[in-house]
Structure formats: structure tokens, C-alpha cells
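To start, the structure under review is shown below, and the notes come after it.
Just so it is clear, none of the values below were taken in a lab; they were calculated from the coordinates. Treat the numbers as computed from the prediction; the structure is a model and nothing was measured. Quick reminder, even Gly has a Cβ in these numbers, built from the backbone with ideal geometry, and neighbours come from all protein chains shown.
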Amino acid sequence: MTPVILLAAEQKSAEVTDWAARVGWLVGLTLFVALIYWLMREGWKWRGTLQADLPELPAAPSEPGAARLTMSGRYHGSTTAGQWLDRIVAHGLGTRSRVELTLTDAGLDVVRPGAADFFVPAAALREARLDKGIAGKVLTEGGLLVVTWEHGDRLLDSGFRSDRAAEHNEWVDAINSMINKTETEGAR
């Protein structure tokens with residue numbers, strides 16, 4: 001048993017921590033992370049500057065009519081139609097938020113607490129579909145309601161997720177039938 005006691009006695013104490021080096025690394029890492037966040041913010045602002053030609057978002061009419069459908073959920077952003085990674089950030093369209101959607105004969109009213117509300121007139125609606133992703137948000141297949149609409153000279157896709165995902169199919173059917181009705185009336 002003496003060899004074990006001898007081994008224990010020969011061990012040295014732990015080295016003293018070099019606090020100056022440790023603090024230096026911590027400060028350097030903090031500055032690096034701050035630089036990355038600053039660059040991301042500048043990129044977001046630059047994207048908004050490049051999209052400055054996008055007109056102001058329309059406001060809801062004073063009398064939009066009776067609600068056909070209502071939904072509460074999340075707004076996940078808008079992108080250029082067909083390009084699910086090309087996020088639109090101008091006029092607050094890139095800001096994720098809670099949402100209250102109301103579909104009326106006049107169009108789609110998008111009310112976002114803490115972000116800019118907007119209205120999509122019925123004549124500007126182009127398509128509604130179920131999809132799995134939009135600009136930084138990927139869900140299961142059919143987990144996202146994507147509404148394509150025209151704003152200015154651009155087609156935009158806006159992604160919504162209901163608190164009750166079973167509502168999505170009803171929304172797709174209602175919006176697409178509304179679009180078909182508008183196109184039929186316009187062709188007369």
C-alpha cells in the first residue's frame with residue numbers, strides 16, 4: 001500500500017490560472033461576436049435600401065365588409081415570389097410577428113401587433129398555397145400558408161402559420177376561389 005501513498009505525495013498542485021490571458025480571450029471573443037452582429041444589422045439595412053423602390057404598404061379600407069375568414073398565428077415574412085430565400089425587408093415586411101388575418105371581399109387585412117399592418121386588395125391577390133418554408137423558416141410539408149400578391153411591379157410571397165394548422169386548407173380554398181371569382185368578373 002505504500003506505493004499508492006508515494007504516488008499521491010509526488011503529485012504537484014494545479015497550475016495557477018493565467019487570468020490576464022483568459023480575460024484577453026474573453027474580451028476578444030466578445031468583440032468578434034459584436035462585430036458579426038453589427039455586420040448582420042448593416043446587411044439588413046442595406047437590403048432595405050436596395051428595396052426602397054417598393055411602394056408604401058396599403059392600409060385597410062374604412063369599410064372592408066364582412067369577414068369571410070379570420071385567423072390568428074404568426075407572420076414569418078415576405079419574399080420575392082418564387083424565390084423563398086430572397087427576403088423583403090422594406091416597410092417592415094421582413095419583421096416576424098404575431099398576426100391576425102381577416103379575409104373580406106375587399107381583400108386580406110394583415111394586423112401585426114408591434115409591426116406595420118398592411119392590406120392586400122382582392123385585385124392584388126394572385127395565389128394561395130401550402131408550402132414548407134419561407135426565408136429562414138422551414139416547417140413540415142404544408143405547414144405554412146403562403147399568399148402570393150402583387151405590390152407595385154413585384155410579386156411577393158407572404159408566409160403565415162396559423163395557431164391551428166388545420167385551418168390552412170380552408171384559407172387556400174377561400175383565397176383561390178376569391179381570385180378565380182375576381183378574374184371571372186374582370187373578363188366580362
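The magnitude of the dipole of the chain, with charges of +1 and -1 set on the Cβ of Lys/Arg and Asp/Glu and taken from the Cα centre, is near 440 debye. Remark on I88: its backbone amide H falls under 5 Å from those of S78, T79, T80, a criterion applied only to residues 5 or more positions apart or on other chains, H modelled at 1.01 Å from N.
For segment 94-104, backbone phi angles converted through the Karplus equation (6.51, -1.76, 1.60; θ = phi - 60°) give residue-by-residue couplings of x, 7, 6, 6, 5, 8, 10, 9, 9, 9, 10 Hz, Gly and Pro being listed as x.
Distance from the alpha carbon centroid of segment 77-127 to that of segment 25-44 works out to 31 angstrom. Using only the Cα atoms of segment 22-85, build the gyration tensor, take square roots of its eigenvalues as a ≥ b ≥ c, and label the shape rounded, prolate or oblate: rounded if a/c is under 1.5, else prolate if a/b is larger than b/c, else oblate. Here segment 22-85 falls in the prolate category.
Ordering G48, F32, P58 by Cα displacement along the dipole of the chain toward the positive end leaves F32 in first place; charges were set at the Cβ atoms of Lys, Arg (+1) and Asp, Glu (-1).
Once backbone amide H atoms are built at 1.01 Å from N, L155 has A81 as its partners under 5 Å, excluding neighbours fewer than 5 places away on the same chain. Taking amide H atoms as placed 1.01 Å from N in the peptide plane, the amide H of L108 lies under 5 Å from those of V120, A122, each 5 or more residues away in sequence or on another chain. Across all Cα pairs in segment 110-185, the calculated P(r) in 10 Å bins from zero up to the longest distance comes to 18, 48, 31, 3 percent per bin. Most tightly packed first, judged by the mean number of other beta-carbon atoms within 10 Å of their residues, the peptides 104-110, 137-143 read 104-110, 137-143.
Gain in length, T49 to L155, computed as 0.36 nm per residue apart minus the alpha-carbon separation, to one decimal in nm? Intermediate values should be presented prior to the final figure.
Values: separation 106, 0.36 × 106 = 38.16 nm, distance 1.85 nm.
Gain on extension, T49 to L155, equals 36.3 nm.
Computed over the chain, the per-residue total of -39500 (n - 2.57) for DSSP H runs of n ≥ 4 gives a 222 nm mean residue ellipticity of -11000 deg cm²/dmol, rounded to 500. The label point for F32 and the one for T17, both projected 7 Å from the Cα toward the Cβ, are 1.9 nm apart.
In the set [x] 143; [y] 202; [z] 166, the label that goes with volume of the Cα convex hull per residue in Å³ computed for this structure is [y]. Here the average projected area of the convex hull drawn through the C-alpha atoms of segment 34-143 stands at 8.1 nm². For the pair A59 and K181, the difference between a 0.36 nm per residue extended length and the Cα-Cα distance amounts to 41.6 nm.
Of the residues P121, T148, F160, the one whose Cα sits farthest toward the positive end of the charge dipole of segment 119-173, with +1 on the Cβ of Lys and Arg and -1 on the Cβ of Asp and Glu, is F160. In sequence order, segment 163-178 has phi-based couplings of 5, 10, 4, 5, 6, 4, 4, 5, 5, 4, 4, 5, 5, 5, 5, 5 Hz under the Karplus curve 6.51 cos²θ - 1.76 cosθ + 1.60, θ = phi - 60°, and Gly or Pro positions carry x.
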